[in-house]
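J.: Supplied in C-alpha cells, the structure appears directly below.
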Amino acid sequence: MIQNTFNPQSTERISDIPMESPLMGASKLSGLIDRSMILRSLEGMASWLEAATRSAEGVGKCHRMAIYDRSGAVTWMYPNSNSAETISVWLDLADILQRPELKQNAIDYADTLVNDSEKGIYSGPAKDAQGLMWYWTDAGVYSSLYAMRVPAHFMRLHRETGDDRLLAACEMVGKTMVKYQLPSGIVGSGWSPENGWRESGGRVGSRFIYVISTYATLYQLTRDAAYRDAYERAVEALIVMQCEDGSFYQNYDPNTLKVSDTDSSTKCMFFAYIFNALAEAYEVFEDARLLDCAKRLGDFIVNLYYCRGALPYCIGHEILPSDRPEANMAMYECANGLLWLHSLVPDERFKDVGLRLWITGWYNQAEVVDNQDLNGAILIGADTTALKSNDGIPSNRKHLAHDPSRAAKCVLWGMCNHAFASAKLFHSTNLLHEKRVQP
C-alpha cells in the first residue's frame, strides 16, 4: 500500500467505533430535507441544463461551464464537453419531474456523440483512437477518461430506446479500453495525432481507475471473458493505488502506479469519479473488494469533513499551481457516492456527510427565474488569493483565477452528481424522515 503523506485522522479511527453508536447521533438533516426541496432543486437543474444546451451551437451539445459576472451576465464555455453522465441526468429529470419531453435531450446528446466522428466518439482513420472521446478543451486530444464513462449511460439509454447504435458504440469503446490496458491495470489518459498514446506523459489521475466500471459494464453487456480479465487487473490496480488511510493521491505513474514525482497532492474532487465507478462495478459483480475500498474512502472523507466542516477540492503539502485557483473550494460531488455507500453499509456518518454535501449544493443553487442562464446553477466563488498573474497557472485555467468582475461559476460535472444524489434521496425509503409523497 502507498501511505498518504497527508493524514487528518487521529490515532483512533472513527470507523472503529461501533456503527450502532455513532458519535454524531442520527443525522439532523434527515428531518430537515424533504422531497419538496429535492423537487425544487431538480427543477432548477432542469432549467440550467436547458440553458446550457440552448446556448450551445447545434443539436445535442451542452456547455460544460458557465462563468457569471457581477451583473448576472454569463460566459458559456466548452460546448464539446462529452460528459456521458448528462444522458442519465436528463432521464432522471424526465422521470422525477414527469416531463417526458426532457428525454429527447438525452437522445440528442447520445446521437451527437455517436454521429460526430471527430468531436464525439472518435471513429476516424486512426485505429488507435477508436472509441475515444474528444477532450472538452478543444485541444485536439482524445481522452480515455471520458470514453470510459460512456457505456453505463449508453446502456441505460438503450433500455429506453432500443437504439442498437448505442451498444455498438459501447463495444468500440470497450475494445480500445482492453487493447490499451497497461500491465499495471489502468489505461493511459489519452491520445493525440501528434503524440499518440504518449499524450499521457508520465502521470495519470487517480480518477482514471474509473475503468473498473467500464470493464464490468461491458462484461455485463457481452459476457466476453476479456472484459472480466481486464476488470480483475484493474481492481488489483485500485487496491495498489488506495492509500492506507483510504484516500487516493491525485496522480500516479501509469506504468508503475507509484505516486507521481511532480505531484503528491490529494484531489478530493476525484473521489466522486471513484465512487461512481465502485457503485457501477459493484452492481455487476457485488465484489467485496470494491465495498471495502468504498468504506475506507468513506472513512477518509467523513473524518476530513468533520475536521474542516467541508470537503476541499485539493489537499496536501505540494499543491500544483494549476490547482491553486480551486484548491480551497468546497466540494459537494461526493454526496452521491456516500449515499450509495450508506445503502450498503448502514453507518450513520456516511449518510450524515452525504446529506451535508447535498445541502451544500442546495444552499448554493441560484433561484433567479427571470435569468434563464443563471436559474438553477450551483454557484462556486473564486479564491481571491489566486491571481491570474500567479506563476504556473496554465492558460486554459486562467479563467478560474480571481477576477474582480467575476462573481461565480457553475460546472456540469458537479451538477450531474448533485442530480444523481437528488434522485437517490427522492426515491429513498430510509434517508429522510418523512412519508413518501408523489409529486
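The values are calculated or read from the model by the stated rules, or taken from the named source; none is laboratory data. Keep in mind that this is a model prediction, so the values were computed, not measured. All Cβ positions, glycine included, derive from the backbone under ideal geometry; neighbour counts span all protein chains shown.
J.: Taking helices (runs of 4 or more DSSP H) that fall entirely within the range 328-439, which contain at least 1 residues that are among the charged types (D, E, K, R) and crowded, with 24+ Cβ neighbours inside 10 Å?
T.: Because the criterion is at least 1 residues that are among the charged types (D, E, K, R) and crowded, with 24+ Cβ neighbours inside 10 Å, the helices (runs of 4 or more DSSP H) in the range 328-439 that meet it are 348-363.
J.: What's the number of the condition Gly131 fails, among (1) closer than 28 Å to Asp92 by Cβ; (2) part of a helix (DSSP H, G or I)?
T.: The number of the failed condition is (2).
J.: If I filter the range 306-323 down to residues being part of a loop (DSSP other than H, G, I, E, B) and under 15 Å from Gly381 (Cβ atoms), which single residue comes out as modelled with the highest pLDDT?
T.: Ala310
J.: Can you name the number of the only condition in (1) within 21 Å of the chain's Cα centre (by Cα); (2) free of Cβ contacts under 8 Å to residues at least 60 places away in the same chain; (3) outside any loop (DSSP other than H, G, I, E, B) that Asp229 fails?
T.: Here Asp229 meets the rest and fails (1).
J.: Still on this structure: Asn390 fails exactly one of the following numbered conditions: (1) under 22 Å from Asp69 (Cβ atoms); (2) within 24 Å of the chain's Cα centre (by Cα); (3) in contact (Cβ under 8 Å) with a residue 60 or more places away in the chain. What is the number of that condition?
T.: Asn390 satisfies all of (1) under 22 Å from Asp69 (Cβ atoms); (2) within 24 Å of the chain's Cα centre (by Cα); (3) in contact (Cβ under 8 Å) with a residue 60 or more places away in the chain except (2).
J.: Answer yes or no as to whether Gly298 is of a type outside the set (A, V, I, L, M, F, W, C), part of a loop (DSSP other than H, G, I, E, B), farther than 30 Å from Ala56 by Cβ and in contact with a helix residue (DSSP H, G or I) (Cβ under 6 Å, 6 or more places away or on another chain).
T.: When the stated conditions are applied, Gly298 does not pass them.
J.: Working only within the range 212-248, note down all residues that are farther than 26 Å from Thr266 by Cα and among the polar types (S, T, N, Q).
T.: Passing the criteria: Thr217, Gln220, Thr222.
J.: Here is a follow-up. Which of the following residues is in contact with a Ser or Thr (Cβ under 8 Å, 6 or more places away or on another chain) and among the polar types (S, T, N, Q): Ser41, Ser83, Ser36?
T.: Ser41
J.: Residues to consider are Val141, Val187, Val150, Val178; find the one that is surrounded by 24 or more Cβ atoms within 10 Å (Cβ to Cβ), among the hydrophobic types (A, V, I, L, M, F, W, C) and farther than 30 Å from Lys103 by Cβ.
T.: After ruling out the rest, the residue left standing is Val187.
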